[in-house]
Each structure stands twice: as C-alpha cells, then as structure tokens.
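First the structure, in the form of structure tokens, and then the observations on it.
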Amino acid sequence: MVITPFLSFGQSQKTDSLKENYTQNKQPSTAIELAEIFTLTNTDSALYFLQQVDKTSLSEVDRIHFEKVKGRFFTVTSQYDSAVLIYTGLLRILEGKPEHIRLEADILDNIGGVYLTLRENDQSLDFINRAKKIREENRLASELYKSHYSLGNFLFRTGKSREAVDNYRKSFALLNQKSDINFQANLNYMMGTAYNILKQNDSSIYFLLKAKTIYDQTNQVVSQINTANSIAQAMINEQRFSEAIPLLENNIKLLASNGDWQKYMAAYSQLSKAYEGLEDYKNALAYQKLRYDTVVGFLAKQRTESVAKITEDYRTDKQLDEAEETAIWATQRAKIFGGITIALIMLLIISYLLFSRTIQRKKLENLRAMVLGEENERKRVAKDLHDGIGVLLTSIKMRLSNFEDKVEDKDAFQNSLGQIDNACSEVRRISHNMVPASLSKLGLEEAMLDLFDNVTASSQIEIQEKLSYEVGDFEESSEVLIYRVIQELVNNTLKYAQASSIQIEMKKIKDEYIIEYKDNGVGFDKTKIKNGLGLKSIASRIDILKGKLTFDSTEGNGVSFKINIPLQHG
C-alpha cells in the first residue's frame, strides 16, 4: 500500500450532492473530487470523471489535484509505469514551492510504494528516505507517521516483519486527529498482516478487525475481501473454525461484484480447511471442488491473463540472486584475515585461494541445482497445464458442443466455443514456452530455430542466424541452459531494444563453442544496466557452464554479446 489521499466518511456522504452539482455546473474541480472519491470504490466511475476534465482550463491548484488523483487511479488499477510517470511529472510541478512541501513528501512516498510493489527495493527505499528527509528538514513532525508507515511497508515486503511492526507502532504513536481515517485502516491492516506472519494470531485478529470495520463503512470491497481472508486465516490457525466460516461466506458474496478468480480460490480453500477442522468433510470436499472448478472456469473466460498468472510464481530469479549474494559474502569474509606479518600474509593468500575455489565451486553447485530445479518445475507446470487444464478445456468444449442444437443464439454459442479454443491455444503456447518440445525432441539447434521462427512470425524483427552445433556435444541440461540464455537475449531485444534486426552466430572452435549475438536497437548505458536482473540471469547460467560473457553497447548503437562455452564444464 502507498500513502495517497483516501476516501473519508465526509466524502462518502456528499457523493450524491457532488454528482448533482457536477450535472448542473460541469465544474472540473467537482469532477476531480468525484474521481478521487470513486478511485477506491468504483474505478470505472473514477475513470469516467477523470476523462471529463479539460486540463487546459485548470488552475494550478486544480491541475495539481488532478495529477495527484490520476496517479492514485493508475496505482489502484495496477498501471504502475503510468503512475510513476504521473507522479514524477507532478514532482516537477511542485519543485521549489514551499507551500506544497507536504504534498511533495507524500508523492515521494507514493512512488516508493509503487517501486516496492514492483520489487525494485533499492529505488523504493530511496524515495521513502527522501520523503522522510523532507519532513525532518522542514520540521513536519506531525507528518512523520507517514514515513514510519512507508518504512514499515518496505521492511514487511522485504521479509523483516518484526522491524516492520516496530515502525508501525511508531506510526500509531505519531497519529494525530487530522490523520485520514482510511490511513488508520491501512495501518491497522498492515500491522495485523505483519503479526500474522509472526504467528501472533490474537494480535493479528485485533488489528485486522479494526481495519475491517473502516473498510466495511467506506465500502472498499477489495480491502474488505483481503482483510476478511487474513482474519479467517488467523482464526483457522487458532482453530476458531466456526468464527472464520461466516467471514469467508460473506467474501463469496462480495466477490460476485469483484470477479477475482484468485480471491475465489483463497476463500474456497480456507472454507475447505475450516469445515475440515469442524470434521464436516462433506462441505470441506464441496469447497475443494469449487476451488478446482474456479480455475477451469476463469481460465476459459479470462484466457491469457489468468493462465500467465499461474506460472508467475515459479520464477526463481530471486533465489539465484540470494545464492550469488551468499557466495560473494562468504568470499569477502575470507579477506578479513589479511596481514600481521609477511609470513602470515603469504599463508593467508594460499588459504584464501583454496577457500575461494571451494566457495566458487559451491556457488556453482547451488546455482546449478536452483536453475535445474527451475527447469524441472517448468516441466511439471507445463505438463500440468497441457495434460490437466488443456484436457479439461477440451472436454468442456466437447460437452458444450452436445448442446448446440438446444441453443437459440448460435452466434453467441460459437463465440463461446471460440473463446475456449483461444484458451486452449494459450495453454499450449505457455506450455511450449516453458518447455519447448523441440528442445527435447530435436535438440538445441532446432529449438533455437523454432524460437527465431516464432519471433519473426509475431514481430517485425528480422533474424539472421548462422548456427553450427554438433548433436551430443553438450548434455541435455547444458543445452537447456544455453537455450535459456539465447531466449533471454531475444526477449530483452523484443522488450527494450526497439530493434529491426538480430544477428546470431554459433560456431565450434577447438574445445569451445562461441556464440555472438547482436541487435541494431537503441542500446544502453553499460554502467546503468550492469546489475539488471535479466543480465544476472544470463550471467548465472553462463557461470554454471563455466563460460565467459562479454558485451558492449552504447546508447543508440545497439548491443553485442559474445559468449564462450567450453565443451568440458561438468
């Protein structure tokens, strides 16, 4: 959660009068105020009123208010790039204007919250600290509760729940009577959620119930659902099954207007656990079946977005980063024992070299295990998608086809069947992307050619390839690593390079393979991109292969990579 203006009780009460006022006078300031009110309760209405505003006629005060509400709207609707763009533009407007110093700090907190959601932790902390510094330097002690809340969120999202609770307590201590009541709700929610992680269920339920009371009164449906789910989970942990069930059943009713299939799954799963705890196995089994049916139903309806979401949780880049950091930390630790005498220094150098080799070997073993674990998980998920959901969707289509003669609206019926076909195609596409069949059946070179064919068929990029690979030179696990490296390079070109052509050559020289990859895109500043997650993923896989990676790029002049992979790297 980020700190931006929230819906208050007073605003809720005057919504109808504001709408009537806007109908009569069409004042931009009224439309902006209505958009702000609806942002948390009805995003369609919020968007409508935002679109009614003529920006050219706005005063500076109204323009600032408009941009602030627009940024909040983009954040709530998960349009994070647009939200950051709006907020940074607003900061330029506020720069050098002391009368807006409080708002400037709030906007910095908002940007920090967005980056935290995107898991860009360093950038998030930078903006949060900048907001805190502004409040401290300008003696805005009454505003510091916001900084402690934002810091608490940062610590919570980075796995430091105990430290997060300490900051939330500081925020509670600094709250004043003017603080937004919905801010208090969010603070209670985060405190309760942190206690939930810490397994302090009584404290968790206490704070979550306080948050839910406000969310219920202000009709913030999504927050009501999330809070009730968290309360129910804590109650189930405490074996208070009978108290959890009404909360979850009410969530099912609220979800009828929300339609979030993942929240349906969470509610059905917890209801199943609650009834199981009461030894009511009939209802437990019924809700477990509803949970499973929900996946199939929403996949057919929402197609790409729903299927893609299932696979997101299987990425392990974070694990790779942690393994690298652990190995680097251990290596640096060996350096501490430098120098009392020349004899000791020489001894320590020898010890360090031996230790460093062991650490490097351990690092590679960890990375290899994690990467191969990721590939095994990809295979499992791909198989589940293809053999499970794919088969279910096909079965659904066949069953529906039996009712075609009984349906009056033939066009709508055929359209529904077409949507199921599209869902089936998406399942096959995602399954193929996770584990390309050509890689296991035809080998590395054919898999790469298949990848290039798919890219040229779905984009305007021309790929010139010159591949020379002798089947059997690498084990299957090594071929998978090489394929993922090439796939990541191509994906980076597609996402960022704005290129029209790619050149890739793979050749064998003596006891190693050399891969050269080039595109003619916009390039990048190497000093800024060096630690990007994509490049880390590529470098990690090449490390496992005991290979060497070099690259060169300047802004506006494309990018070139050279990869050397020895034949013997086991």
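May I ask you to say which residue of Thr39, Thr117, Thr43, Thr88 is surrounded by fewer than 20 Cβ atoms within 10 Å (Cβ to Cβ), out of contact with any strand residue (DSSP E or B) (no Cβ under 9 Å at 6 or more places or on another chain), at pLDDT below 85 and β-branched (Val, Ile, Thr)?
Thr43 is the lone residue from the list that is surrounded by fewer than 20 Cβ atoms within 10 Å (Cβ to Cβ), out of contact with any strand residue (DSSP E or B) (no Cβ under 9 Å at 6 or more places or on another chain), at pLDDT below 85 and β-branched (Val, Ile, Thr).
Based on what the data block shows, is Tyr275 among the hydroxyl-bearing types (Ser, Thr, Tyr), under 30 Å from Lys160 (Cβ atoms), in contact with a Phe, Trp or Tyr (Cβ under 9 Å, 6 or more places away or on another chain) and modelled with pLDDT of 85 or more?
Judged against the criteria, Tyr275 is not a match.
Checking Asn454 against (1) modelled with pLDDT of 75 or more; (2) within 25 Å of the chain's Cα centre (by Cα), only one condition comes out false. Which one?
So Asn454 meets the others, but not (2).
Can you tell me how many residues within region 195-225 are touching a Lys or Arg at 6+ places or on another chain (Cβ under 8 Å) and crowded, with 16+ Cβ neighbours inside 10 Å?
2
The values are calculated or read from the model by the stated rules, or taken from the named source; none is laboratory data. The model shown is predicted, which means the values in this text are computed figures rather than measured ones. Please note: Cβ atoms are built from the backbone with ideal geometry, for glycine as well, and neighbour counts cover all protein chains shown.
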